């Protein structure tokens, strides 16, 4: 899968947007300086004050988003929300003159990583476990490395699809003269 394929995978793009909505790369935007005295949300902001936008809080605001704590990629199919700083409901890379110069690279990497994980692995619950019984709650990953015994939780098992296929042929079977390694590389990728 490459960047060219992204336009044909709208739901994958929605999953990437939803992931970045709930987990922005940084919770606060770079500071901006107020160029005039303003009143925001009942607070007086004097001219010259440093202002930080809490991107994390905006992404979880029930006034801005319906069911903000629920992972629901479909919300981006229902309406087009720009992720590059033009729609102030979703600002994982900032906005304006201080927008992250690597925003497009970040979007492409997240989308590509998700697409490759889905394409190259077969995902299933462990044997005897229903998918509804798997805890999909969010817990800090490093927390499990500290302290005493933690409760064991069922996980999803991923098998690499590449192990499920075996190709056999000899040089005599090769009718186009390509090297076998080149043919396998083209076939796998």
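Please treat every number below as a calculation from the coordinates, not as lab data. Computed from a prediction, not measured in an experiment: that's the story for all the values here. Ideal geometry is used to build each Cβ from the backbone, glycine not excepted, and the neighbour counts take in all protein chains shown.
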## Note on the structure
Kirkwood radius from Cα pairs of the range 67-109 plugged into Stokes-Einstein at 25 °C, 0.890 mPa s, gives D in µm²/s equal to 214
### Message
Quick check: residue separation of residue 26 and residue 5 times 0.36 nm, minus the Cα distance between them. What number comes out in nm?
### Response
4.8 nm
### Computed E for residue 80/residue 127 - FRET, C-beta separation, R0 35 angstrom, nearest 0.05
0.25
#### Entry: Cβ crowding within 10 Å averaged over residues, with 121-134, 12-25 ranked highest first
12-25, 121-134
### Task
Please report, to two decimal places, log10 I(q)/I(0) for the range 28-86 at q = 0.18, 0.27, 0.31 Å⁻¹ as given by the Debye formula with identical point scatterers on the Cα atoms and no solvent.
-0.81, -1.17, -1.29
### Message
Expected output is a single nm value to one decimal: the length gained when fully extending between residue 134 and residue 50, i.e. 0.36 nm times separation in residues minus the C-alpha distance. What is it?
### Response
25.8 nm
### Query
Stokes-Einstein at 10 °C, 1.306 mPa s, Kirkwood radius from Cα pairs: D for the range 1-136 in µm² s⁻¹?
93
### Summary
If the chain between residue 120 and residue 108 were fully extended at 0.36 nm per residue, the gain over the current Cα-Cα distance would be 2.6 nm
